[in-house]
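*Asks:* What follows is a single structure, and I will ask about it in a moment.
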Amino acid sequence: MSELLVDFITSLDGHASGEGWPGFWGLEGPEYLAWLGEQPEATYLMGANTYRLMSGFAAGQVPNGQDEFRPEEEASVDELTQASKVVFSSSLEEPLMWANSTLVRDDAVEAVRAMKSSGSGLLSTIGSLSLCRSLLRAGLVDRFRVVMFPVITGNTGQERIYDGYPDVALEMIEHRTFDGRIQLVEYKPRVLEHPPLGVPA
């Protein structure tokens, strides 16, 4: 059975990106980049908006506010190009031009449920805030990982991650600091029907 990881890179205040900021908010360091390079192979799950953005980067479209890609950004996009990707969309048309991408028009929750039960290895989301929210609500997420960069994007932050989420209890299974400033926290999530009635002993 496959394991599903929801994986976010965020500012401290929970934004997935910020207008005018480079990838990784320009704050990645050697420890963090080395850790990224050690991650196991995964099949990446995404929605149409993330596909359009990331496939554009793969085709050479530079993010707004930048003249060119930084080497770290190029390496990240190249790795994604080589990886298997499943795109959930009713608006995109086949064939998808980004290499190793498969289009699925079926309901994403049911499709991922089937992928988990019939497959092996790791499934991991990339971006795709509404997809991640739907998969979490459905109880399909095994691990919920957030890497927080030390910046607050109060004026420029975009894509608030947790808006519309249910209440979720989080059991920590991993934490780590990279380069003395980047914080990773990883949890086993459990969606709550209501807040706990009492404080755990």
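The values are calculated or read from the model by the stated rules, or taken from the named source; none is laboratory data. If you're wondering where the values come from, they're calculated on a predicted model, not measured in any experiment. With ideal geometry, Cβ positions are generated from the backbone for all residues, glycine too; neighbour counts draw on all protein chains shown. Surface areas here come from the heavy atoms of the whole protein model, side chains and all, with no ligands, DNA or RNA. Shrake-Rupley method; radii C 1.70, N 1.55, O 1.52, S 1.80 Å.
*Asks:* Go through (1) open to solvent by 40 Å² or more (accessible area, probe 1.4 Å); (2) within 27 Å of Thr177 (Cα to Cα); (3) in contact (Cβ under 8 Å) with a residue 60 or more places away in the chain; (4) among the aliphatic types (A, V, I, L, M) and name the single condition Leu33 misses.
*Replies:* Here Leu33 meets the rest and fails (3).
*Asks:* Would you mind finding the one in Val86, Val112 that is over 15 Å from the mean Cα position of the chain (by Cα) and under 17 Å from Ser2 (Cβ atoms)?
*Replies:* The unique qualifying residue is Val112.
*Asks:* Follow-up. Just for strands (runs of 3 or more DSSP E) wholly inside segment 148-201: which have at least 1 residues that are of a type in the set (Asp, Glu) and open to solvent by less than 40 Å² (accessible area, probe 1.4 Å)? Walk me through how you get there before you give the answer.
*Replies:* Values: elements: 157-160, 168-178, 182-191.
In segment 148-201, the matching strands (runs of 3 or more DSSP E) lie at 182-191.
*Asks:* Just give me the residues in segment 129-142 being part of a loop (DSSP other than H, G, I, E, B), at negative phi, in contact with a strand residue (DSSP E or B) (Cβ under 7 Å, 6 or more places away or on another chain) and not charged (D, E, K, R), in sequence order.
*Replies:* Hits for segment 129-142 are Leu140, Val141.
*Asks:* Separate question: Quick test for you: out of Met115, Met54, pick the one residue that is modelled with pLDDT of 90 or more and either of a type in the set (D, E, K, R) or open to solvent by less than 60 Å² (accessible area, probe 1.4 Å) (or both).
*Replies:* Residue meeting the stated conditions: Met115.
*Asks:* Among what's in segment 76-128 and is part of a strand (DSSP E or B) and without any contact (Cβ under 8 Å) to a residue 40 or more places away in the chain, pick the residue that is farthest from Met54 (Cα to Cα).
*Replies:* Val104
*Asks:* Name the one entry in Thr156, Thr177 that is of a type in the set (S, T, N, Q), more than 28 Å from Gly60 (Cα to Cα) and over 17 Å from the mean Cα position of the chain (by Cα).
*Replies:* Thr177
*Asks:* Continuing with the same structure: Restricted to segment 8-26, and to residues that are open to solvent by less than 50 Å² (accessible area, probe 1.4 Å) and at pLDDT 95 or above, which residue is farthest from His175 (Cα to Cα)? Show your work before the answer.
*Replies:* Within segment 8-26, the subset open to solvent by less than 50 Å² (accessible area, probe 1.4 Å) is 8, 10-11, 14-18, 22-26.
In the following step, the residues that additionally are at pLDDT 95 or above were identified as 8, 10-11, 14-15.
On the way: Phe8: 14, Thr10: 15, Ser11: 17, Gly14: 17, His15: 20 Å.
Looking at the filtered set, the residue picked out is His15.
*Asks:* Which condition number in (1) open to solvent by less than 50 Å² (accessible area, probe 1.4 Å); (2) in contact with a Lys or Arg (Cβ under 9 Å, 6 or more places away or on another chain) is the one that Arg145 fails?
*Replies:* (2) is the only condition that Arg145 fails.
*Asks:* When you look at Glu73, is it open to solvent by less than 20 Å² (accessible area, probe 1.4 Å) and part of a helix (DSSP H, G or I), yes or no?
*Replies:* In short, yes.
*Asks:* With the requirement that a residue be free of Cβ contacts under 8 Å to residues at least 40 places away in the same chain and within 17 Å of the chain's Cα centre (by Cα), what does segment 57-74 give you?
*Replies:* Phe57
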